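Novice: The structure follows.
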Amino acid sequence: MLASRAGISRPYVVKKILILGGYGGFGARLSHELAARGHHILVAGRNLQKAEHFCKTTENTEPVQADRNGDVGKIFEQHQPDLLIDSAGPFQDSGYQLVQQCIAAAIPYLDLADGRDFVCGIGTLNDAATAAGVPVISGASSVPALSGSAIRHLAAEAGQIEAIEMAISASNKATAGPSVGKAILSYVGKPIRIRGAGQWQTGYGWQDLRHVRFTLADGSGIERRLAGLADIPDLDLVPHQFDNMPAVIFRAGTELGFQNRALWLASWPVRWGWIRSLEPMAKFLLSLQNMTRALGSDVSAMKVELFGYANHKPCRKTWTLIAKEGDGPQIPTFAATLLAEKILQGQAKIGAYDASKLLRLSEFQPLFDRYAITHETRALTPQPSLYQHVMGPEFKQLPASIENLHSVIRNAGFHGTAQVTSGKNPLARLAAKIFGFPSAGRHDLRVHIQVDEKGETWTRSFSGKNFSSRLQKTESHLTESFGPFQFRFNLPVTANGLAMEMAGWKFWLVPLPLFLAPRSRASEWDEDGRFHFDVPIALPVIGLMVHYRGWLKPSEG
């Protein structure tokens, strides 16, 4: 038997492990790792020649031809593995045929799945796995296993958690197989169910691109990389781990900005329904990625941020991981390595379940230490809210309902009712339609406030019809933008709230005369402990464009 690699202790008992996709991008790394620990690895896949080539260079391995979507019963009979690990994928749109075969043969099962439906649905096999007396674990990868351990680590000393944000950015030189490409393209442009603002909302794969900073306390790391919405199991699993079901979002991206922007552009035909999916382009995507492999760096990164309250004060905690020297692709195999050993040593619970709550962050440390991987946890001081930043000390004079609505930490929702009056002039009606203002009548109103480092995005839904605006601080004013129009406001405190007084406006970068600006003096006040608002908007000469007024309270559940 091979002498174990430095830093790797031998297992108590040598076991036989069947790894599907064992010569692939992540599977090869996992095969090397578990073989170095002394286990006998059955390296399986559809291409026997690739399996044989891999095994010629790796001791403690044996090539096997197998298809994860086929009948593996004969392989079970011939080799009698102690554990099957599925690293082949993709798991999006995959069924449980292979898992059911493992259960029928009473063989423990583990996978590196990141398919949302696949991982979240594994519990449907719990009764069968329990009856067979075997553990069946799904999601032993960067998500949800490692991400889940980081979330629990950050949440250990927090009180109420309002939002959790996660992001992964892969080095351009990281090796990604066709299964990874298919997994990504399976949801690009497709609807993604996201928990936010006290309710479930819809995002779209690889849209809502944002720059994410992956930096450590000493200033090292990655200053910023683009990342877009990605569909992962955590989006379903994490909200249910907390009583108040906080907002949860996940973004992923490649290192090179133009690659992310290209995927963003390609996502729109899928969203519009012009094409069903980009998945058939997986091989083409891999070829393009190979052509640009010389560009970029060998640095990958992962980040988990938690926003909430500790001791009734706003808190922000972040866990950041930086992998250099091309070691990023090792990370998705770490959870599988740790859980494989637990299964083989009889330490895994019988039944079928996901891996999101099985490992502590400290358990990953010995694996991190063997590679060029650095990680750290930091408690950051939350910045003042936008309105607090604009108003200064006067902000504390506001009633509690007004202060609370303008003190959103990261992501929050409010709901109530609104009465809308529309202008009579045809030009006023046309202007209201251009801005996206609601139609006349009584409406159920929902307001979603999303906060970032530069400002706030407000999305108002009047009976399901949305319109949004962007709020930021400009010098001493609050600026609200509707597309190319920017309106500057003073925020004087009133007897029971505040007012918004027009101070200037622009079209793009061009200042416009104030006497031509829409007439609007919006007001907010507290009434019986509830936030009330009144927003009249009129155009010079033309008259009333729209007038909406009503009340809001925090959304729950």
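The values are calculated or read from the model by the stated rules, or taken from the named source; none is laboratory data. On a predicted model such as this, the values are computed, not experimentally measured, just so you know. Heads up, the Cβs are rebuilt from the backbone with ideal geometry, glycines too, and the neighbour counts pull from every protein chain shown. Please note that ligands, DNA and RNA were not included when accessible areas were found on the heavy atoms of the full protein model with its side chains. Shrake-Rupley method; radii C 1.70, N 1.55, O 1.52, S 1.80 Å.
Novice: Can you name the residue in region 513-529 that is open to solvent by 50 Å² or more (accessible area, probe 1.4 Å) and touching an Asp or Glu at 6+ places or on another chain (Cβ under 9 Å) and, of all such residues, is nearest to Glu475 (Cα to Cα)?
Specialist: Filtering first and then ranking leaves Arg521.
Novice: Further question on the same structure: I want to confirm something. Restricting to region 276-333 and keeping residues that are in a loop (DSSP other than H, G, I, E, B) and in contact with a helix residue (DSSP H, G or I) (Cβ under 9 Å, 6 or more places away or on another chain), which single residue is most open to solvent (accessible area, probe 1.4 Å)?
Specialist: Among them, the one singled out is Arg276.
Novice: Here's a follow-up. Evaluate the following for Arg261: is it basic (Lys, Arg) and either in contact with an Asp or Glu (Cβ under 9 Å, 6 or more places away or on another chain) or part of a loop (DSSP other than H, G, I, E, B) (or both)?
Specialist: no
Novice: Which of (1) over 24 Å from the mean Cα position of the chain (by Cα); (2) within 29 Å of Leu154 (Cβ to Cβ); (3) of a type in the set (A, V, I, L, M) is the odd one out, the single condition Ile373 does not satisfy?
Specialist: For Ile373, the exception is condition (1).
Novice: Report yes if some residue within region 135-147 is touching a Phe, Trp or Tyr at 6+ places or on another chain (Cβ under 7 Å), assigned to a loop (DSSP other than H, G, I, E, B) and farther than 30 Å from Leu288 by Cβ; otherwise report no.
Specialist: Checking region 135-147: not a single residue is touching a Phe, Trp or Tyr at 6+ places or on another chain (Cβ under 7 Å), assigned to a loop (DSSP other than H, G, I, E, B) and farther than 30 Å from Leu288 by Cβ.
Novice: Taking Glu456 as meeting all but one of (1) under 23 Å from Lys396 (Cβ atoms); (2) assigned to a loop (DSSP other than H, G, I, E, B), write down the number of the exception.
Specialist: (2)
Novice: Tell me, which residue of region 116-172 that is out of contact with any strand residue (DSSP E or B) (no Cβ under 9 Å at 6 or more places or on another chain) and either among the hydrophobic types (A, V, I, L, M, F, W, C) or modelled with pLDDT under 95 (or both) is farthest from Pro366 (Cα to Cα)?
Specialist: Here the answer is Ala131.
Novice: Quick one: count up the residues across region 44-53 that are open to solvent by less than 20 Å² (accessible area, probe 1.4 Å) and either part of a helix (DSSP H, G or I) or farther than 25 Å from Ser138 by Cβ (or both).
Specialist: 1
Novice: Report, by residue number, each residue of region 163-199 that is more than 30 Å from Leu288 (Cα to Cα) and in contact with a Lys or Arg (Cβ under 6 Å, 6 or more places away or on another chain).
Specialist: Passing the criteria: only Ala163.
Novice: For region 162-220, enumerate the residues that are basic (Lys, Arg) and in a loop (DSSP other than H, G, I, E, B).
Specialist: Lys173, Lys190, listed by residue number.
Novice: On to the next question. Which residues, taken from region 63-87, are open to solvent by less than 30 Å² (accessible area, probe 1.4 Å) and within 22 Å of Val180 (Cβ to Cβ)?
Specialist: Ala66, Arg68, Gly70, Leu84, Ile85, Asp86, Ser87
Novice: Residues that are in contact (Cβ under 8 Å) with a residue 12 or more places away in the chain and among the charged types (D, E, K, R): list the strands (runs of 3 or more DSSP E) wholly contained in region 468-557 that include at least 3 such residues.
Specialist: Passing ranges, in order: 521-527.
Novice: Hey, another quick one. Counting only residues that are out of contact with any Leu (no Cβ under 8 Å at 6 or more places or on another chain) and either exposed (fewer than 15 other Cβ atoms within 10 Å of the Cβ) or of a type in the set (Lys, Arg) (or both), how many does region 452-462 have?
Specialist: Residues in region 452-462 being out of contact with any Leu (no Cβ under 8 Å at 6 or more places or on another chain) and either exposed (fewer than 15 other Cβ atoms within 10 Å of the Cβ) or of a type in the set (Lys, Arg) (or both): 3 in total.
Novice: If you don't mind, there's one more thing I want to ask. So, of the residues in region 80-97 that are out of contact with any Asp or Glu (no Cβ under 8 Å at 6 or more places or on another chain) and not in a loop (DSSP other than H, G, I, E, B), which turns out to be nearest to Gly21 (Cα to Cα)?
Specialist: Ranking the candidates gives Leu84 first.
Novice: Val136 - would you say it is touching a residue at least 60 places away in the same chain (Cβ under 8 Å), in contact with a Leu (Cβ under 7 Å, 6 or more places away or on another chain) and of a type outside the set (S, T, N, Q)?
Specialist: Yes, satisfied.
Novice: Next question. Being open to solvent by 60 Å² or more (accessible area, probe 1.4 Å) and within 22 Å of Glu255 (Cβ to Cβ) is the filter here, so list the residues in region 153-203 that pass it.
Specialist: Scanning region 153-203 gives Lys173, Thr175, Pro178, Lys182.
Novice: From Ala113, Ala106, grab the single residue that is under 18 Å from Ala44 (Cβ atoms) and not in a helix (DSSP H, G or I).
Specialist: Ala113
Novice: Give region 246-271 a look and list any residue that's open to solvent by 60 Å² or more (accessible area, probe 1.4 Å) and free of Cβ contacts under 8 Å to residues at least 40 places away in the same chain, or say none.
Specialist: Correct list: Phe258, Leu265.
Okay, residues lined up against (1) free of Cβ contacts under 8 Å to residues at least 60 places away in the same chain; (2) farther than 27 Å from Pro492 by Cα; (3) of a type in the set (S, T, N, Q):
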| residue | (1), (2), (3) |
| --- | --- |
| Ile350 | no, yes, no |
| Leu359 | no, yes, no |
| Tyr371 | yes, yes, no |
| Leu380 | no, yes, no |
| Gln383 | no, no, yes |
| Tyr387 | no, no, no |
| Met391 | no, no, no |
| Ala400 | no, no, no |
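Novice: So which of Val541, Val535, Val510, Val493 is of a type in the set (Val, Ile, Thr), open to solvent by 60 Å² or more (accessible area, probe 1.4 Å) and either touching an Asp or Glu at 6+ places or on another chain (Cβ under 6 Å) or modelled with pLDDT of 95 or more (or both)?
Specialist: Only one candidate passes the filter, namely Val510.
Novice: Separate question: Please go through region 15-43 and give me each residue that is open to solvent by less than 20 Å² (accessible area, probe 1.4 Å) and in a loop (DSSP other than H, G, I, E, B), ordered by number.
Specialist: Correct list: Gly21, Gly22, Gly38, His39.
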